[in-house]
Amino acid sequence: MSAQTLYAILYLQVNLASVVLLIIIRFKTLGLSKMVAQRNFSMATDAMVIFFASDTVWKLIETGVLPYSSTGILICKNVYFLSTSLMCYFWFVYFEYLQESALVKNRKRMFWDSFFVWIQGIVLVVNHFTGILFYIDDQDVYRRGPFFFTLYLFSYIYVAFTCSRALIGVFNPKKAASKEKLIRLALFPIAPAAGGIIQFFYPQIPVECTTLSIAALLLYLDWISEMISVDPLTHLNNRKHLLYSFEQMTKSGEEKTEICLLMIDANRFKSINDTYGHIEGDAALVRIADSLRLSCKVLKHRATIARYGGDEFVILTRNERKEDIRLLKDAIRRNLSQKNEESGAPYDLTVSIGEAFFEGKNGISFKNLAQEADKALYIEKETLKNQAL
């Protein structure tokens, strides 16, 4: 067996392992989420599978494992570069959704976002007649054309743009709550870019497919982690993560740990749903969540904000003075009033807040602390009802 054949088999095995990994990820995501963002994640993995397959077939033809065909080579290369462009575009859309960007708010904007994909397709058609990107020469050898580099430019501009936006967002105080996610998005292209550069100058080294599939796996694991610990509507922590945070606080090892739990409940929320519909009700819950995030910025990483269920939310923090908690409650009401006014909602959106404190290292369960906060919450609700009469 020749060295060329051995190399082709190695290349095939590496790329095949990457394809199998992507197919597993794709299979695992089937029916897991109907969110638009995740549909773009799935389409990006589909484009990657096509990208890997065309790359593998080209290498098998180049090394003589498959019969040489100039037409086959040109088809492989066209599929390869078009799938590259689609892959980068779908990653761009997915990342922009994660960043809650206005660039993907409607279909019209997304159509203009796909501009470089269309350009790539048009240029590939033109290349068929001109050879400006790549061609088969008179000796029947594949060659790169004078504008070959534009094939990567039209594709990777998407990833460069969205990851740069994520990096800028890391330093934006308004996006402090999403800082960790933005860091992960900003770092995503580093390994694939390094693999792409290596394979650009040394095409015989099969590293691009491997780094891309590993990056996709990390994004998938990140997505699964969010589904486990994050409420899908408000993007706050869910109850499971809240309980984990409570356990960490009570096991911190500090001699004096004062835990404060705030139970927050929307006032007259049922009437909002009944009068304006559940979509508007969901929008109201999102405004409450945004107000809690904004109000807790002063606490840095000392607070865990969670959706407890329905229209109930919880803030769990420690070692805060009671005066600071009072100021936090005032800030929540003030920020919520401002956000509701900015939204133009035809109703008042207010919350009742109950609080409970525990000082010590051990000796209280989360359930007991939540019950104390719940009692204080309903005392406040009754007070508000009586004031309205």
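Structure above, values below:
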read-out: Scope the range 158-192; condition touching a residue at least 40 places away in the same chain (Cβ under 8 Å) and β-branched (Val, Ile, Thr); matching residues; value: Val159, Thr162
read-out: Candidate set: the range 11-32, residues that are touching a residue at least 40 places away in the same chain (Cβ under 8 Å) and open to solvent by 90 Å² or more (accessible area, probe 1.4 Å); chosen: the one nearest to Thr210 (Cα to Cα); value: Leu16
read-out: Residue within the range 278-298 that is free of Cβ contacts under 8 Å to residues at least 60 places away in the same chain, on the phi > 0 side of the Ramachandran plot and of a type in the set (Gly, Ala, Ser) present; value: no
read-out: Residue match in the range 64-77 (condition: open to solvent by less than 80 Å² (accessible area, probe 1.4 Å), closer than 15 Å to Tyr220 by Cα and of a type in the set (Val, Ile, Thr)); value: no
read-out: Residue ID - surrounded by the fewest Cβ atoms within 10 Å (Cβ to Cβ), chosen from residues in the range 202-222 that are among the small types (Gly, Ala, Ser) and within 14 Å of the chain's Cα centre (by Cα); value: Ala215
read-out: Matching residues in the range 84-103 - criterion: being in contact (Cβ under 8 Å) with a residue 12 or more places away in the chain and under 17 Å from Leu182 (Cα atoms); value: Trp91, Phe92, Val93, Tyr94, Phe95, Glu96, Tyr97, Leu98, Gln99, Ser101
read-out: Any hit, the range 223-238, residues being farther than 24 Å from Tyr97 by Cβ and open to solvent by less than 50 Å² (accessible area, probe 1.4 Å); value: no
read-out: Test result for Ile50, in a helix (DSSP H, G or I) and without any contact (Cβ under 8 Å) to a residue 12 or more places away in the chain; value: no
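The values are calculated or read from the model by the stated rules, or taken from the named source; none is laboratory data. What you are looking at is a predicted structure, and each value in this text was computed from that prediction instead of being measured. Positions of Cβ are backbone-derived with ideal geometry, glycine not excepted, and every protein chain shown enters the neighbour counts. These accessible areas exclude ligands, DNA and RNA; they are computed on the full protein's heavy atoms, side chains included. Shrake-Rupley method; radii C 1.70, N 1.55, O 1.52, S 1.80 Å.
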